[in-house]
Each structure stands twice: as C-alpha cells, then as structure tokens.
Amino acid sequence: MTAAAIPGRPERAAVRPVTWTRLAWVTWRQHRAALAGAGALLGVIAAYLAYMGWEIHRAYDSLNACLPASLRGPAMRQAGGPPAVTPACGALERAFMSFYGSGRGSVASSGINAQVVPFLLLAVPVLVGAFVGGPVLARELESGTFRFAWTQGAGRVRLAAARLVPLAVVLTAAAYGVSALLSWYIGPFVQAGVTGKYPMQLFGTMGTDFAAWTLFSFAVAAFAGVLLRRTVPAMAASLVVLTTADVVTMMALRQHYATPIVVTGNEPAGLGNLVVGNWFTTTSGVPVNQATVFSAVGRLPFGVTPSPALLAAHHYLQWWSYQPASRWWQFQLTEGGWLLAASLFLIAATVLLIRRRPA
C-alpha cells in the first residue's frame, strides 16, 4: 500500500514593511486633535498679530508722514525714541504710542498692548510642546496598545520616528511663522527707538529662538513620556523642566554667549545694546561699592547717576559691560544652535529607549 503524499504548504509571501507615507497618515489620525488644538492656538495668535500689526504700522506711517524727513526712522532711533513733535503731530504720536502702553502721557488703548503680547508668547512653546509631545508616545505605553502597534510590520524604531519627526517639523515651522509675524508686528517700535530687541520677551519670541524653543519643548515632553510611561506626569514634568530651563537661560546664560565689551564713562550709547552690569572703581583701579561713591559725591535726585566729570572730581570711575546690538543675530543663532542640538539628542534618546524597551 502506498499513501498519498501531503501537498506542501505554499510559501508565505514576504511581508512588505509599512511605507513612511502610511505611517505619517497614522500619525495624523492619532494626533489630529492635538495638532488641531495647537494650530487653533497659533492661528488665533497669528490673526491677532496680523490685525494689530496692521493698526500699529498704519499709526506709525501716519506719524512718519507728519514728521519732517530729518526726524523719521533713523533720526528717531538716534534720539532714543519719538522726538518732541508739533501739536499737529501730538495726537498721531499718542495714537502710535498707545499700542505700546508707554510714552508721554499715553495710555494703552487696550489691556493687551505691544509690551504684553511678547510676554504672553513666551509660554506658548512650553504649552505646545507639553500638550503635543507629552502624549505622543506615552499614551500607547500607558494604555498597552504599543504591544499591538509594534507587531504591524512597521517596527518600533520606524514607528517612533514616524511619530516624532513629522510632528516636530510641523510645530517648528508653525512656530517660526508666528515669530516672523511678531517681528513684523513689533518692527515699528524698534525702528522708532522705543525698544531694542534684547529684552527677554522679544529675544525669546523673534528670530529663530521661538521656533527653537518650541522644538526643544516637544523633544523634552516626548522624552519624558517614554521615560515615565504616563501621559499626565510626563506633561507635568516637562512643564517644570522647560520653565526652569527658560528662566535660567534668560536670567543667567543668554548674556554670556560672547565676552561683553567693557567701557568707562557714560552708559553705552546706541539703542538696542544689552547692559550686562556696571560698577565703580577708584582712578587707581580699586573697586568700591556704590554707597561709598554716592556718599562722596553728595545727594543726587532719585535715579540719577553721577556724571563722569563729577566722579572724576572725586577720583572715581564708573565701568559698564554690555553686549552691542550688532550681536543680536549671533546670540540668536548661538541659542538656536544649542537648542537644536539638545532637541536632536533628546529625540534620538527617545527612539533608543523605545528600541530597548521590552515588549
């Protein structure tokens, strides 16, 4: 007797890896609510900046048209702000300065003026990064759905990269668009000499800094999500870390990106310079405290600094250390560079943690 041979099983077709486009589509489907929320927030900010910026530019153009040519633009900067104007131009000056909330007898036209808006924007990168980056991987680790996702032909590394990279690119690009709009919005006040670009609220929201902090915030929150494996604790931890890093950078790190210039005499002239510090010495170079100097030169009106001639008459010198306005872009690129490097490191560390995590 012979037995019929059992037919062999057909070979399984090779499983093709899921394409990057499909992974990007899955990322959009899973995180469209967070992206929509971030887009709505940035969209509202952009709409406000566009409308109020148009009003500010219109007021500034009207003031420029009223002033003689010798007092427009650069002449206003050299004067340290809008100059004394004729009665005919006084109303136009007050209208322009009302948007900034300062000036001769001016009152802000609204509770949110050009000084307040950049301060409010400082919180946007931290919030966007925490609320978009925190859940991006932590949600699947917390719910346990990662065990299913990692077996669908994509691989955990490609899946993590498809989550992180598109979201990081979209958020960074949108943040840069908002910062460019803010630079246009605040431009007339910089041109008029009302403010420089070194104040913390402007430095952190103009140029490349706003986008760099948004990317860094997203990377910190995503890394915290994989490290803690819980969404809410990761968001809370990222808020604390990012707020601390932002404050330390503004208060202690930023002004030391380059060696300050040291001069003696009057406070450094020129709009936009960042004064780092000042101190007194005797003419022989021995440091003395301010109380000793003010006691020697006699009583002065509050807020008035002794002139170099008065100090010299009492054998004292006043020294100033400052960063010139010409270094502003150098500082922007320096801060943006280390934030970009830190962001890439954190994203790579996040992918590495996913790769080494047991299923």
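Laboratory data are not the source of any read-out in this text; all were calculated from the coordinates shown. What you see is a predicted model; the values in this text were computed from it and never measured. Using ideal geometry, Cβ is built from the backbone for each residue, glycine included, and neighbour counts are taken over all protein chains shown.
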- Report, in whole Å, the centroid distance computed from the Cα atoms of segment 211-246 and segment 305-359. 21
- What is the set of long-range amide H partners of GLY272 at a cut-off below 5 Å, with H atoms built 1.01 Å from backbone N? GLY196
- Query: For segment 189-203, what does the Karplus curve 6.51 cos²θ - 1.76 cosθ + 1.60, with θ = phi - 60°, yield as ³J(HN,Hα) per residue in whole Hz, taken in order and with x for Gly and Pro?
  - Reply: 6, 5, 5, 7, x, 6, 8, x, 10, 7, x, 4, 6, 8, 4
- Determine the gain in length on full extension of the stretch VAL169-TRP319; use 0.36 nm per residue of separation and subtract their C-alpha separation, reporting nm with one decimal. 49.5 nm
- Query: Using modelled backbone amide H atoms (1.01 Å from N, in-plane), which distant-in-sequence or interchain residues come within less than 5 Å of VAL288's amide H?
  - Reply: PHE280, THR281, THR282
- Item | Stretchable slack from GLN191 to ALA312, in nm (0.36 nm times residue separation minus alpha-carbon distance) | 40.0 nm
- Message: Through the Karplus equation 6.51 cos²θ - 1.76 cosθ + 1.60, θ set to phi - 60°, convert the phi angles of segment 245-252 into ³J(HN,Hα) values in whole Hz; use x for Gly and Pro.
- Response: 5, 5, 5, 4, 5, 5, 8, 10
- Given labels modelled 7 Å from the Cα in the Cβ direction, how far is it in nm from ALA180 to HIS57? 1.4
- Item | DSSP-loop trypsin sites (Lys or Arg not before Pro) across segment 251-359, with at most 11 other Cβ within 10 angstrom | ARG299
- Task: Would you mind computing, in nm to one decimal, how far apart the modelled labels at HIS256 and THR292 are, each placed 7 Å from Cα along Cα→Cβ?
- Result: 2.6
- Rounded to whole Å, sorted largest first: equivalent-ellipsoid semi-axes of segment 254-359, Cα gyration tensor: 47, 15, 11
- Sparsely packed chymotrypsin sites (Phe, Trp or Tyr not before Pro) within segment 269-359, loop by DSSP, other Cβ within 10 Å at most 16: PHE302
